Structure formats: C-alpha cells, structure tokens
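Chemist: Let me give you the structure first, and then I'll get to my questions.
The values are calculated or read from the model by the stated rules, or taken from the named source; none is laboratory data. All values reported here derive from a predicted model rather than from experimental measurement. A quick note on method: Cβ atoms are made from the backbone with ideal geometry, for glycine too, and the neighbour counts reach across all protein chains shown.
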Amino acid sequence: MRKLIRCEMFALRTPIIALLLLVVFATGGCTWWDNNVVKKVKNVTSRRLTVSTDPPGADVFVNDVFQGKSPVTLNYKYGIKDMWNGFVIVVQKEGYLPVRREASYKTESAFFRLIKKRGRAVRENR
C-alpha cells in the first residue's frame with residue numbers, strides 16, 4: 001500500500017516540478033538568454049567595411065553595386081555565400097585607372113591609391 005502511495009505522489013510531483021521549472025525558465029531564463037546569447041548572435045553576422053582612396057571622391061562598387069563616393073563606410077550583414085566567396089571591390093575615378101581587389105568578409109578597411117592615366121598624343125597623318 002505504501003509503495004502505491006509513493007508512486008502516486010511521485011506521479012503527481014513530477015508534472016508539478018516540471019511546470020514550476022518551465023515557469024521559472026520562461027520568465028527569468030528568457031531574459032538571461034536574450035542578454036547573453038541573442039545579442040551576441042545578432043552581432044556575429046554584421047560587419048563594417050571602410051573604403052578610402054587617394055585621391056578621395058572615387059566611385060566605389062562592391063560586387064558590382066554602387067556604394068557611394070570614397071571615403072565610404074558600409075554596414076552590412078554577411079551570409080554563407082559571402083564567407084565562401086568574399087567581395088569584389090572596384091574603385092574608379094575619371095582620369096585615373098580603375099582598381100579591382102578581392103576581399104574576404106573579415107576585411108574591415110580597404111585603401112586604394114589611384115594611378116593617373118597618361119595622356120596620349122594624337123598624331124595626324126599628313
């Protein structure tokens with residue numbers, strides 16, 4: 001008889017304890033999870049890339065998309081494709097040779113020194 005009572009008490013006690021643990025983790029546990037895990041995970045996929053040139057004012061393209069005139073700071077979120085392939089940065093300015101560089105997703109800044117185009121003399125045939 002006592003064994004039967006103990007089994008019944010255990011059977012009643014287990015769901016009550018589980019319910020209490022669920023309530024505790026649902027209220028306080030979520031706050032801890034949000035503060036310690038979620039914020040850190042959100043920052044994992046966001047990066048900043050600063051592109052500067054000498055001379056400034058060049059057009060900056062990242063993966064063939066115009067981003068603005070240099071110096072420019074880009075905030076972006078990267079994915080698996082970016083981790084695998086990286087980025088292609090192209091900088092161009094009128095009167096200067098265009099420059100192309102591949103960069104990984106870990107790159108935080110890129111500096112480009114542009115080279116002036118040489119003027120070619122046009123000869124006339126007489």
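Chemist: Which residues, taken from the stretch 86-95, are part of a strand (DSSP E or B) and surrounded by fewer than 16 Cβ atoms within 10 Å (Cβ to Cβ)? Even if it seems obvious, please write down each step before you answer.
Modeler: Going through the stretch 86-95, the residues part of a strand (DSSP E or B) turn out to be 87-92.
88, the sole residue that qualifies.
Chemist: Quick one: in the stretch 96-124, which of the residues that are assigned to a loop (DSSP other than H, G, I, E, B) and small (Gly, Ala, Ser) is modelled with the highest pLDDT?
Modeler: The first filter runs over the stretch 96-124 and keeps only residues assigned to a loop (DSSP other than H, G, I, E, B), leaving 97-98, 104-108, 114-115, 117-124.
Remaining after also requiring small (Gly, Ala, Ser): 104, 119, 121.
On the way: 104: 88, 119: 74, 121: 53.
So, considering only residues that are assigned to a loop (DSSP other than H, G, I, E, B) and small (Gly, Ala, Ser), the one modelled with the highest pLDDT is 104.
Chemist: For the stretch 73-85, how many residues are part of a loop (DSSP other than H, G, I, E, B) and surrounded by 15 or more Cβ atoms within 10 Å (Cβ to Cβ)? Break it down stepwise before answering.
Modeler: Filtering the stretch 73-85 for residues part of a loop (DSSP other than H, G, I, E, B) gives 78-79.
Still in the running and surrounded by 15 or more Cβ atoms within 10 Å (Cβ to Cβ): 78.
So the count comes out to 1.
Chemist: Oh, and also: Could you tell me which residue of the stretch 59-93 is farthest from residue 114 (Cα to Cα), considering only residues that are more than 12 Å from the chain's Cα centre (by Cα) and of a type in the set (S, T, N, Q)?
Modeler: Top of the filtered list is 85.
Chemist: Another question, if that's okay. I'm told residue 6 meets every condition in (1) among the charged types (D, E, K, R); (2) on the phi < 0 side of the Ramachandran plot; (3) at pLDDT 75 or above except one. Can you identify the failing condition by its number?
Modeler: Among (1) among the charged types (D, E, K, R); (2) on the phi < 0 side of the Ramachandran plot; (3) at pLDDT 75 or above, residue 6 violates only (3).
Chemist: Condition test on residue 14, is it outside the structural domain of residue 95 (by TED's automatic domain parsing), of a type in the set (Ser, Thr, Tyr) and modelled with pLDDT of 70 or more? Even if it seems obvious, please write down each step before you answer.
Modeler: Details: outside the structural domain of residue 95 (by TED's automatic domain parsing): yes; of a type in the set (Ser, Thr, Tyr): yes; modelled with pLDDT of 70 or more: yes.
Judged against the criteria, residue 14 is a match.
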